[in-house]
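Accompanying notes for the structure given below.
The values are calculated or read from the model by the stated rules, or taken from the named source; none is laboratory data. Because the structure is predicted, anything quoted here is derived from the model rather than measured. Virtual Cβ from ideal backbone geometry, glycine too; neighbours counted across all protein chains shown. Surface accessibility is based on the protein's heavy atoms, side chains included, excluding ligands, DNA and RNA. Shrake-Rupley method; radii C 1.70, N 1.55, O 1.52, S 1.80 Å.
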Amino acid sequence: MVNYILRRVLLMVPTLVGITFVVFMLIAASPGGIGAGLLVSAGGAMQSQNAIAIQKAKLEDRYGLNEPVIVQYGRWLRRILPIKFGTRDLVSPSGELVSRPRPVPEPAVWRWFATELKQAEPLSEEEVARRFTNPGSEAGTRAFQAAVGEYVTARAAYIASEALVRDSLKRYIEAWGKPELLTRKQEPRVSAISRVEPDRTLKEYAELERLGRDALAARELAAQKREALIAGMSTKPYPQAGIGIIPGVLSLAPPDLGIAFSRGRPVIDLLAEALPVTLLINFIAFPIIYMIAIPGGMLAATRKGTWVDLAQGLTVIALYSVPVVLAGVIAQGFLVNPDYLDAFPAAGLIGKGSEQMAFMPGANGACAWERGWLLDRVWHLVLPVLCLVYGGFAILSKQTRAAMLENFNADYVRTAKAKGVSNRDVIFRHVFRNSLLPLITMFVTIFPAMLAGSVVVERVFSIPGMGSLLIEAINLRDRELILANTTMVAVVNLLALLLADILYATADPRITFK
Amino acid sequence: MQNRFGLKDFVLFVLVGVLALSIWMRMFQQDREWRKSESVLSKLSSLESQVARLENKLDTGVVVAGGSGPSSTSGPAPTDGKPAANGGSGGDSSWARPGVKIEWQPPWGPATDPFKQPGVQVGGEFTEVYEAQMARLTPFIASDVYARRLHEFVFSTLAVYDPVTLKMRGQLAEAWQVDPNGLWLRARLRPGLRFSDGKPLTAEDIRWTFHEFMMNEEIEAERSRSIYRDCIAKVTPIDDRTVDFEFKERLFTNVDNALGLFVLPKHIYSQFSPADINRGTGLMVGSGPFRLRDVDPNRQWAPPADVVLERNEQYWGPKPPLATIRFKSIQDETARLNAFKRGDADMITPASTQFVTLSGDPEWKDRARFLNWVNMRSGYSFIAWNCGERAGKLTPFHDKRVRLAMTYMLDREKMIRDIWSGVGQVAKGNQPLGSPGSNQSIQPWPYDLAKSRQLLKEAGWEDRNGDGLIEDARGNAFEWEFSFASGGEIALKIANFVKDSAAVVGIRVKLRPADWSVYQDFMKLRDFDSITLGWGASSPESDPRQIFHSDAIKNQGDNFAQWKNEEADRLIDEGRREMDAAKRGQIWQRLEAVLHEDQPYTFIRVPPWLRLVNPEVKNVNPYPKGLEHPEFFRGGSQSPKPAN
């Protein structure tokens, strides 16, 4: 058994890598970049394209978007895997991971203005000792933070000036009259351009050269600051993340889900906000589905062929065929609308003024009845839960009915009846127990779907759950958020499948792991 | 079969579960009580400091009427400009740079004083519903429009646009001087300004906000930074109440940008590291008439919750009547209307159809106030014609006559009737209606098919083979692609309307819906024949350079229509450097006339703001600037509360 589970868990790793790889490639291949996400979240407000270009360049630099897709994927995988290789990241007091800064990229066409790129010198030991004294103390932390700040500023300045070089290069190429050096997206093909000799007589060249030299100087500064930061990191000013296994080679750390582009907030925070909402609704909805669908199916099975069976079947199938969108609109239009029933709140999960209410229902200060916080919460949950529940009866109750009918015809039931076992005992002890098997597996496969949330229900009742989070992430091409979401659902799915197999074996002794 | 799971076990399990649940609920309830008492305590400490300040003032003696601040000893010395009517140092101009006109500002107060209205009551809550969820509230970092609207109530700026006249009116500033060459601005703060925690607001806070918060590369305020980076070079505090702004170049937007900078309290924000600020969702402490209710940095406001602002009891200006303002988000439009009907919301933005149906319903006469007005944030929607090359080939729209024919072809009034239920008016140009730049002599081109056909014929497009479609001399049929962002119902309706209208004059239109991020690429690469879009605005006057100047064709600028007009370029360059608002208005009027003649855009509609307002909420005035929440008060059926 342990052997089997271990094998399955190990098999999960390549499966997960495969899933995330496909999703990552899909996102990378989809048209439109992250710039759109930035503009959308600005509410369509006007701002200069130049500013967006600089902002985009910075984001690209921070997330390494200017590198080949496969490298980006590797980088993402490194962050997400709990097993880390190489030196451990540091954890800053605010909980952010500080990893070794990436090399500063080369500026475009630098060969036109310089013969070689100046390499930054590592800091001498005396210099390190002078700058980063007492790592871990407050002064040490401050010195390190200053180094981080200087590096970020220098790198940002370099990225900005590099973006200007590319802009100028584009103008230069247009003036030069060599459109073949531009890509379909009107970006200069830097590597191809570097191989040709420039026409230094053009008047656009002067500006390009000036900007190019600026960028070279900015790069040198950034590289220098990077060396200082690396030297600072080596003194370990912050505690290290995770647990070390082999120092400097292997360590374990919790996965880092990154920061969502579109909202500029850590993905983990966004998930932590959305997940409880979705789970709350689903954890209420699913017991209700089971408690109604299973007895309903049993009833239909025991009264097979009678009007009870027919009515039960008809009802669940009819409910199943009502689309959630329609049900939501009907609920809003009749159950909520004060012109009709006026029975339920319109949106959200918390009522106006419910923070001021007492916990339990009762009389308030003005001697009027008040529903209280708890009841208010339940009242707000009724319609969303209803919309999630009604369509779920059909499959489960039909499944129950079919499984029970199959067992009714089995030999052991006939034997039990022949022995004189009461009808009730036959149904509950023998038939029902044996019919539970498919229901267990079904629950386990339904559970991961709960995490994904229901887009329609969340939209109609303004519930900020997982469904709306994922849809928004996809619309804005928010890579980190989409990946975190799919990874989470994939992991839970794989675990649930494993759980299903284990439960199957536990419930049915005939199944073994051999 | 010995240890079978029986009914007894089941009951036991359920009991344990219920017990665990009730313990958890009890703890939850404890938490609620805790939070409640904490908020009471913070309110109490705020009151205490207020009382202390009052006592202090009483001890030092009160000056009755006229009001004279710390500089009263120097005596009134009105030199130039008119002295302020009150507000302390009326006329003292020792702070000013000599020889430059001082623009004295009237005392700060609401445009329509709620305390002069009949039936004014203090207290009560006002709930407004937004269509989208705000992601975060931290100033300069929050990027959505809703959060920015809310900032106006929580933060103060040196000056704000007057709701009625749309001219800059001093809020924190009692006076300022603008360099006639447009290279600097010096502002004088009013006396007695303070943040919502009672600490004084000084010129140093302004410098800190600009240089160490907004321009700090580590803070993710790139959006604001990109606007201010090109405009303000340096902010220098001269003394506690005087601050100097240095500009990079002579540009008319500089003054508004400098005066419109939110002032953050240095003593609060400097406690946080940039990482804390980037990560935070609700770090919002300012000096406006309202303050965020949950200011504890360890338990910040975070998205699904409503944003609740409460009256800032430490406010330095006239305090607002409302006790709290609550902002909810409801995405579904039916749900929004239901929330309004149920009384869960006092103000919603209805869909056009809802607005038209309900405002015609006599039953609704007393249930809501219907507001429908155009204001400075309205903007306009348009169809842009690609006047340049697409993939190396000129589009048919490079010809001005064809563009004009397109405008004649579209019955925009019918469009507004069909698509927006008749809400809104036909746009005539890029300038906000009623602004100094808006050219009154321009009327939108009428709907005239004959004229359209004639113009097309002049441009060489007519039906040469009798198939009902028009062709050029070489027999190529007039056919173009209409690109629009998919997902929105409105854009699809516009596209279909254009397609049908074009068919009437014999043009075939292919619809090309695209996802928003792909649509962005169309614009950047000029890979379209025509697209539809809307421009929004956040101020009464905006710089037309990035949309209409031919320089903005390069570098993927916002002149995606690739419209090149020397006259327009000249006017834009001239207007941007004109510091006098009236003269600038003249220039923008001429620019609008050029746009009207040349039609790089077919202007479709100016969308008005629509609001349904609970009639219990009084003093809701639709201003040219928008809405002024600090003026609202609840009257009517509410039980009166003691005024304080």
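Would you mind finding the one in B:Pro624, B:Pro615, B:Pro630 that is assigned to a helix (DSSP H, G or I) and either closer than 30 Å to B:Tyr130 by Cα or among the aromatic types (Phe, Trp, Tyr) (or both)? Walk me through it before giving the result.
On the way: B:Pro624 fails: assigned to a helix (DSSP H, G or I); B:Pro615 fails: assigned to a helix (DSSP H, G or I).
On inspection, the qualifying residue turns out to be B:Pro630.
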Across (1) more than 12 Å from chain A (Cβ to nearest Cβ); (2) modelled with pLDDT of 85 or more, B:Lys393 clears everything bar (2)
Check off (1) surrounded by fewer than 17 Cβ atoms within 10 Å (Cβ to Cβ); (2) at pLDDT below 80; (3) not hydroxyl-bearing (Ser, Thr, Tyr) for A:Ile83 and give me the number that stays unchecked.
-> (2)
When residues of the range B:97-139 are limited to those that are touching a Phe, Trp or Tyr at 6+ places or on another chain (Cβ under 9 Å), buried (at least 16 other Cβ atoms within 10 Å of the Cβ) and of a type in the set (A, V, I, L, M), the one nearest to the other protein chains (Cβ to nearest Cβ) | B:Val129
Does A:Ala347 qualify as being within 30 Å of A:Val460 (Cα to Cα), touching a Cys at 6+ places or on another chain (Cβ under 7 Å), in contact (Cβ under 8 Å) with a residue 12 or more places away in the chain and not charged (D, E, K, R)?
-> no
Can you name the condition, by its number, that A:Leu314 falls short on among (1) assigned to a helix (DSSP H, G or I); (2) surrounded by 12 or more Cβ atoms within 10 Å (Cβ to Cβ); (3) of a type in the set (A, V, I, L, M, F, W, C)?
-> (2)
Which condition number does A:Ala241 fail, the rest of (1) touching a residue at least 24 places away in the same chain (Cβ under 8 Å); (2) within 14 Å of another protein chain (Cβ to nearest Cβ) being met?
-> (2)
Could you grab me the full set of residues in the range B:488-534 that are free of Cβ contacts under 8 Å to residues at least 12 places away in the same chain and more than 14 Å from every other protein chain (Cβ to nearest Cβ)?
-> B:Glu489, B:Asp500, B:Ala503
With (1) of a type in the set (Ser, Thr, Tyr); (2) open to solvent by less than 20 Å² (accessible area, probe 1.4 Å); (3) within 36 Å of the chain's Cα centre (by Cα) as the list, and B:Ser452 as the residue in question, which single condition is left unmet?
-> (3)
Here the residues within the range A:165-181 that are open to solvent by 20 Å² or more (accessible area, probe 1.4 Å), more than 34 Å from the chain's Cα centre (by Cα) and within 12 Å of chain B (Cβ to nearest Cβ) are A:Asp167, A:Arg171, A:Glu174, A:Ala175, A:Pro179
Does the range B:309-325 hold any residues that are within 14 Å of chain A (Cβ to nearest Cβ), open to solvent by 10 Å² or more (accessible area, probe 1.4 Å) and not acidic (Asp, Glu), and which are they?
-> B:Ala323, B:Thr324
Search the range B:536-571 for residues being touching a Leu at 6+ places or on another chain (Cβ under 9 Å) and of a type in the set (Asp, Glu), and hand back the single one that is nearest to the other protein chains (Cβ to nearest Cβ).
-> B:Asp543
Check off (1) open to solvent by less than 30 Å² (accessible area, probe 1.4 Å); (2) modelled with pLDDT under 85; (3) in a loop (DSSP other than H, G, I, E, B) for B:Ser287 and give me the number that stays unchecked.
-> (2)
B:Ser483 vs (1) away from every other protein chain (no Cβ under 14 Å); (2) open to solvent by less than 30 Å² (accessible area, probe 1.4 Å): all pass except (1)
Given the conditions (1) on the phi > 0 side of the Ramachandran plot; (2) loosely packed, with under 15 Cβ neighbours inside 10 Å, every one holds for A:Gly372 apart from (2)
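Please report, ordered by residue number, the helices (runs of 4 or more DSSP H) entirely within the range B:182-280 with at least 3 residues that are touching a strand residue (DSSP E or B) at 6+ places or on another chain (Cβ under 6 Å).
Working: elements: B:203-207, B:222-229, B:253-259, B:266-269, B:274-279.
In the range B:182-280, B:203-207, B:253-259 are the helices (runs of 4 or more DSSP H) which contain 3 or more residues that are touching a strand residue (DSSP E or B) at 6+ places or on another chain (Cβ under 6 Å).
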Residue by residue through the range A:182-229, note down the ones that are more than 17 Å from A:Ala163 (Cβ to Cβ), within 39 Å of the chain's Cα centre (by Cα) and among the hydroxyl-bearing types (Ser, Thr, Tyr).
-> A:Ser191
Just need a number here: residues in the range A:469-479 that are open to solvent by less than 50 Å² (accessible area, probe 1.4 Å) and at pLDDT below 85.
-> 5
